[in-house]
Amino acid sequence: MPLHDRRTMEGVYSVAQTAQMMRQYRYAEEQMMRIMAGWIALTPELVVKLEFGRQVWDCAQHADILGKRLPELRARAQVSEPPNATFVTFMQRLANREQPEETIERLVGVFRVLKPHLLSVYTQHLSACNPVYEPPTIRILERLVRETQEHILKGQILLEDIACTVPTRERAVLWQLELEKLLVAAGGVLGRVEDAP
Amino acid sequence: MQELLGLLRNGLHSLLVNTIQTLEETGRTVCDVTNTGHWECTLDLARQVWDTSRHVEILLKLLERVEGYSGAYPETTAETASAGLADDTLAQLIELAQKTGDADIERALDFVLADTNARVRKDQAYAVA
């Protein structure tokens, strides 16, 4: 039986839409890199400090590969763009937990809210990519999905260890809820329908 | 031999304290200073953050090996760890490890030294450009 390529030519996103999404993902990754880098000095727990250090480099590389893809999509290289002002506010709220005793809030913001959201968006985008004409985007998204999953797992392990009492678990859940509300109001990293150009 | 091990333990501890300080400072730089800088420079600093956090891990493991631990000695962090200073300290510690006959410590520190040498070369390239 002869080999038959069964891939179809159906697609979801245009070149311009893909570039727009890449800029928005890049915004989240770049901001996350800067936020975690700044938190290193503010976090007393050495094990968390070192995990932030590792993930700063991973987020920087994510921002870099997304930024390098942009010229291939008729857009300027290494440009980040937030979807809307509410998402910027969400990122600022997430970043502002800077007291030494707020490690739980820092971990929750990144590993329970932002990264799980990004993982979901990257995975959905990946499933919508056409395998014939979008392999470069697919490769990038596959890496983002794989590494973001690893990050979430590591963050969860740290959280389980640090938020190990009922009151600290409550703190974690309440902060997660507050951030989730803002994230929903922003429409996530891709924004609301009305934000679309 | 005990005296050599004591010197090695003390030296590793000092280097650990300085390296944690460097990690915090470099992280702060990625967060604050490079917001308007060139992306390549930011990327390079982010790599430096990762390298430094790996060095902290290495030093913690080595301290354990010589029966030391973080916080064993009072340290001042007034002396900011420059790459050049770290180079000298690392070279001295490698020599001490050789004298104690611990090839694993010697090898691990040499990897840290190689990273630090690479960092100095990059910093020099930035200074020229």
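Only one of (1) free of Cβ contacts under 8 Å to residues at least 60 places away in the same chain; (2) over 25 Å from A:T137 (Cα atoms); (3) not aromatic (F, W, Y) is not met by A:R93, so which one is it?
Failed condition: (1).
Mind listing whichever residues of region A:43-74 are more than 22 Å from A:L141 (Cα to Cα) and either touching a residue at least 60 places away in the same chain (Cβ under 8 Å) or more than 10 Å from every other protein chain (Cβ to nearest Cβ) (or both)?
Passing the criteria: A:T43, A:P44, A:E45, A:V47, A:V48, A:E51.
Here is a list: A:E178, A:E150, A:E194. Which entry is within 14 Å of the chain's Cα centre (by Cα) and surrounded by fewer than 17 Cβ atoms within 10 Å (Cβ to Cβ)?
Working: A:E178 fails: within 14 Å of the chain's Cα centre (by Cα); A:E194 fails: within 14 Å of the chain's Cα centre (by Cα).
Unique residue meeting the criteria: A:E150.
Got a sec? Which of A:E51, A:E102, A:E45 is closer than 22 Å to A:I162 by Cα and buried (at least 22 other Cβ atoms within 10 Å of the Cβ)?
Exactly one residue qualifies, and that residue is A:E51.
Output yes when any residue across region A:102-109 is in a loop (DSSP other than H, G, I, E, B) and out of contact with any Lys or Arg (no Cβ under 9 Å at 6 or more places or on another chain), and no when none is.
The answer is no; no qualifying residue exists.
Being in contact with a helix residue (DSSP H, G or I) (Cβ under 8 Å, 6 or more places away or on another chain) and more than 22 Å from A:G53 (Cβ to Cβ), is that true of even one residue in region A:150-167?
no
Hey, B:V33 hits all of (1) touching a residue at least 12 places away in the same chain (Cβ under 8 Å); (2) more than 9 Å from every other protein chain (Cβ to nearest Cβ); (3) under 30 Å from A:Q78 (Cβ atoms) but one; which does it fall short on?
B:V33 satisfies every listed condition except (1).
Select from region A:31-41 the residues that are surrounded by 23 or more Cβ atoms within 10 Å (Cβ to Cβ) and not β-branched (V, I, T) and write down the one among them that is farthest from the other protein chains (Cβ to nearest Cβ).
In this case the residue turns out to be A:M32.
Any idea how many residues of region A:169-186 are touching a Gly at 6+ places or on another chain (Cβ under 9 Å) and either among the basic types (K, R) or at pLDDT below 95 (or both)?
Adding up the residues that qualify gives 0.
The values are calculated or read from the model by the stated rules, or taken from the named source; none is laboratory data. As the structure is a prediction and not an experimental result, all values here were calculated from the model. Note: ideal-geometry Cβ built from the backbone for every residue, glycine included; neighbour counts use all protein chains shown.
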